[in-house]
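For reference, the structure is listed below as structure tokens.
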Amino acid sequence: MIKSVLITGANAGLGRECARQLAEYQQIKKIYLGCRNLHKAKEAQAELVSETGRNIFEVLLIDVADQQSVKEAVKTLNSPIDALVMNAGGTGGKEFYNKTPEGVTQIFAVNLLGHVLLTNELLKANKLTQAAIYAGSEAARGVKEMGMT
Ligand SMILES: NC(=O)c1ccc[n+]([C@@H]2O[C@H](COP(=O)([O-])OP(=O)(O)OC[C@H]3O[C@@H](n4cnc5c(N)ncnc54)[C@H](OP(=O)(O)O)[C@@H]3O)[C@@H](O)[C@H]2O)c1
């Protein structure tokens, strides 16, 4: 049974809504909000507690595009999680095309590379027990109806 979940990019959009909906399940006892901005994370945490009536949200600072930050976040987790929702990212603005120290675009670093590293680090540390879910786009699979090659 899944009791604890880490959601990346949980302060806004689909990630925040995912946190809100998961809190409706009483079996879920802990939801880590994986966010890169402490102020936005705390704001989302307070709103989620008030909207759901459940004090089960904990902020985990993580910039998924920054490999050091990903490793630190895994070390910071004090108990294993049952499920990981890899949601942080988006198609973003111009800054998404800046290169990281690893030489890839920010968009690749956050949407893919950082999440691969996060999953690997969690598994290596025995801190992920059941499920890893990736929030991707149908467009990335070349769905014909979307006119993407
Ligand atoms: N919405 C759609 O129609 C759609 C369609 C296909 C796929 N998706 C995918 O679904 C996911 C969520 O989309 P959304 O529409 O909910 O996006 P959104 O509203 O823009 O929210 C993105 C979230 O990701 C966080 N984030 C961005 N870069 C980050 C980083 N380096 N480290 C940690 N957090 C980071 C943002 O934090 P800040 O507030 O700090 O920026 C924000 O919390 C994305 O991966 C997107 O590619 C969405």
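The values are calculated or read from the model by the stated rules, or taken from the named source; none is laboratory data. Predicted model only: the values in this text are computed from it and were never measured. No Cβ is skipped: glycine too gets one built from the backbone with ideal geometry, and neighbour counts run over all protein chains shown. Calculation scope for accessible area: heavy atoms of the full protein, side chains included, ligands and nucleic acids excluded. Shrake-Rupley method; radii C 1.70, N 1.55, O 1.52, S 1.80 Å.
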Q: Report yes if Gly142 is open to solvent by less than 90 Å² (accessible area, probe 1.4 Å) and farther than 25 Å from Phe57 by Cα, otherwise no.
A: yes
* Inspect all residues belonging to the stretch 62-74 and state whether any of them is open to solvent by 70 Å² or more (accessible area, probe 1.4 Å), touching a residue at least 12 places away in the same chain (Cβ under 8 Å) and in a helix (DSSP H, G or I). => yes
Screening Leu123, Leu118 for residues that are more than 9 Å from the ligand (Cβ to nearest atom) and surrounded by 15 or more Cβ atoms within 10 Å (Cβ to Cβ) leaves only Leu118
Filter the stretch 46-60 for residues that are surrounded by 14 or more Cβ atoms within 10 Å (Cβ to Cβ) and assigned to a loop (DSSP other than H, G, I, E, B); the one that is farthest from the chain's Cα centre (by Cα) is Arg54
In the stretch 13-45, residues that are farther than 16 Å from Ala65 by Cβ, in a loop (DSSP other than H, G, I, E, B) and open to solvent by 50 Å² or more (accessible area, probe 1.4 Å) total 5
